[in-house]
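Peer 1: Please read through the structure below; I'll follow up with questions.
The values are calculated or read from the model by the stated rules, or taken from the named source; none is laboratory data. Computed from a predicted model, the values in this text were never measured in an experiment. FYI the Cβ positions are ideal-geometry reconstructions off the backbone, even for glycines, and counts take in every protein chain you see. Side chains included, ligands, DNA and RNA excluded: accessible areas come from the protein's heavy atoms. Shrake-Rupley method; radii C 1.70, N 1.55, O 1.52, S 1.80 Å.
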Amino acid sequence: MDFEEFFTGELDGLREEGNYRVFADLERHRGDFPKALRRSDDGAQSDVTVWCSNDYLGMGQHPNTLEAMKAAIDQCGAGAGGTRNISGTNHHHVMLERELADLHNKPAALLLTSGYVANWTALGTLASRIPNCEIFSDSDNHASMIEGIRHSRAPKHIWKHNDVADLERLLSQADPKVPKLVAFESVYSMDGDICPLEEILDLCEKYGALSYLDEVHAVGLYGQRGGGIAEERGLMDRVSVIQGTLGKAFGVMGGYIAASENLVDFVRSFASGFIFSTALPPSLAAGATASIQHLKQSEMERLRQRRNVKVLRQRLDEIGLPHLANDSHIVPVMVGDAKKCKFISDLLLDNYGIYVQPINYPTVPKGTERLRITPSPLHSDEDINHLVNSLSELWSQCALSRAVA
């Protein structure tokens with residue numbers, strides 16, 4: 001086999017479909033989020049405003065986060081020095097896990113290297129080691145959850161997205177004696193819709209199922225202290241496992257689960273994704289702890305973000321640009337064509353100094369390509385006006401109105 005010819009052909013196919021991914025070479029400006037410096041392949045530099053960051057509240061630039069990280073480097077050095085089991089457990093890891101357990105009102109929490117790893121590790125371990133466990137997974141669950149479920153090799157049942165009736169249909173058909181695990185998300189990252197959490201938990205309790213809730217796109221953003229949708233709706237005590245990330249609203253890096261002491265200890269003791277991974281640098285743990293502590297007591301960032309989301313949606317409605325309605329902070333502007341989506345994104349970056357990454361297949365189904373916009377509390381009204389006016393000009397230039405209606 002000519003491997004290079006095969007690779008070239010596959011990549012050419014992505015380019016032809018408009019699904020080839022190009023990374024923007026960005027340098028964030030400390031203290032000036034969401035501004036960044038863009039470097040082009042030809043060496044040119046230009047200032048851009050980032051409109052698609054998952055650093056939802058700008059906490060990756062917050063003074064508390066930065067000072068805690070710098071202090072931890074001076075105190076502990078760069079890396080952790082090993083896995084958590086072999087010399088890699090630093091006191092900053094211990095303090096962060098306590099902070100996370102407190103955030104979700106759970107007895108314990110376990111820190112992992114990313115949200116992806118947390119899902120893959122926890123779901124894979126629970127479903128594979130609980131005898132005869134069957135998984136009930138929302139059809140729109142994240143790739144990390146799908147991989148964890150696949151890795152477990154446990155029997156799985158896919159229920160229609162956010163469809164409580166379909167979930168009950170599947171649960172009612174299962175053997176009552178079989179252990180069950182229901183896996184789902186609170187805020188879904190591409191459409192921005194929010195799950196019917198209370199109704200799902202009612203079914204979990206009715207059928208004796210373990211509930212596994214991914215709050216990656218909700219922690220820090222919802223609830224009085226940033227505990228997520230479960231906190232906002234007063235349901236944290238009813239969720240068996242809450243999974244989250246430190247790399248989005250908390251602005252740093254890492255993933256975690258929060259649950260009972262025994263469940264957390266079970267994953268800690270049996271999960272290869274935890275046991276054989278080098279621990280996060282202490283500086284990241286310290287920065288995440290500072291970020292969580294700040295957002296537990298500060299509502300300003302959340303309120304300002306919600307205000308900017310509302311203003312952006314109103315402006316998009318005024319100019320007639322199609323965007324998915326939802327109750328979250330995610331604003332998907334629908335294009336519906338991969339090539340056009342990339343074309344608009346390229347023009348925004350090159351001609352308007354606006355960076356919004358095109359979201360194409362396989363992240364979203366073909367025909368639902370979009371610009372996924374995430375307003376932050378640090379975007380100004382001038383930033384919003386510039387974005388909306390730029391999109392309006394491009395929509396008119398490209399005659400996209402009928403194509404995306």
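Peer 1: Looking at P131, P107, which is the one that is in contact with a helix residue (DSSP H, G or I) (Cβ under 7 Å, 6 or more places away or on another chain) and either under 18 Å from I257 (Cβ atoms) or free of Cβ contacts under 8 Å to residues at least 60 places away in the same chain (or both)? Break it down into steps so the answer makes sense when it comes.
Peer 2: Details: P131 fails: in contact with a helix residue (DSSP H, G or I) (Cβ under 7 Å, 6 or more places away or on another chain).
The unique qualifying residue is P107.
Peer 1: Can I ask one more? Looking at R30, is it outside any helix (DSSP H, G or I) and open to solvent by less than 80 Å² (accessible area, probe 1.4 Å)?
Peer 2: no
Peer 1: Find the residue count for the stretch 33-81, including only residues that are over 12 Å from Y355 (Cβ atoms) and assigned to a strand (DSSP E or B). Walk me through it before giving the result.
Peer 2: Pass one, the stretch 33-81, residues over 12 Å from Y355 (Cβ atoms): 33, 39-45, 54-81.
Checking which are assigned to a strand (DSSP E or B) leaves us with 39, 45.
Adding up the residues that qualify gives 2.
Peer 1: Specify the residue that is nearest to N54 (Cα to Cα); the eligible residues are those in the stretch 345-383 that are small (G, A, S) and assigned to a loop (DSSP other than H, G, I, E, B). Break it down into steps so the answer makes sense when it comes.
Peer 2: First, the residues of the stretch 345-383 that are small (G, A, S): 345, 353, 367, 376, 380.
Remaining after also requiring assigned to a loop (DSSP other than H, G, I, E, B): 353, 367, 376, 380.
On the way: G353: 19, G367: 24, S376: 9, S380: 17 Å.
Looking at the filtered set, the residue picked out is S376.
Peer 1: Open to solvent by 10 Å² or more (accessible area, probe 1.4 Å), of a type outside the set (V, I, T), under 21 Å from the mean Cα position of the chain (by Cα) and modelled with pLDDT of 95 or more: which single residue out of E215, E261, E231 fits that description? Before you say what the answer is, go through the steps one by one.
Peer 2: Working: E215 fails: open to solvent by 10 Å² or more (accessible area, probe 1.4 Å); E261 fails: under 21 Å from the mean Cα position of the chain (by Cα).
After ruling out the rest, the residue left standing is E231.
Peer 1: Another question about this same structure. On the given criteria, is K248 surrounded by fewer than 24 Cβ atoms within 10 Å (Cβ to Cβ) and in a loop (DSSP other than H, G, I, E, B)? Full working, then the answer.
Peer 2: Values: surrounded by fewer than 24 Cβ atoms within 10 Å (Cβ to Cβ): no; in a loop (DSSP other than H, G, I, E, B): yes.
In short, no.
Peer 1: To continue, here is another question. Within the stretch 171-208, how many residues are closer than 21 Å to E147 by Cβ and of a type in the set (A, V, I, L, M)?
Peer 2: 5
Peer 1: Still on this structure, I have one more. Please go through the stretch 269-309 and give me each residue that is small (G, A, S) and assigned to a helix (DSSP H, G or I), ordered by number.
Peer 2: Within the stretch 269-309, the subset small (G, A, S) is 269, 271-273, 277, 279, 283, 285-288, 290-291, 298.
Hits for the stretch 269-309 are S269, S272, G273, S283, A285, A286, G287, A288, A290, S291.
Peer 1: Scan the stretch 290-303 and report the pairs whose first residue is farther than 9 Å from T65 by Cα and among the polar types (S, T, N, Q) and whose second residue is part of a helix (DSSP H, G or I) and open to solvent by 20 Å² or more (accessible area, probe 1.4 Å), with Cβ atoms within less than 8 Å and a gap of 6+ or a chain change.
Peer 2: As it stands, the answer is Q293/N64; Q293/E99, since those pairs meet every condition given.
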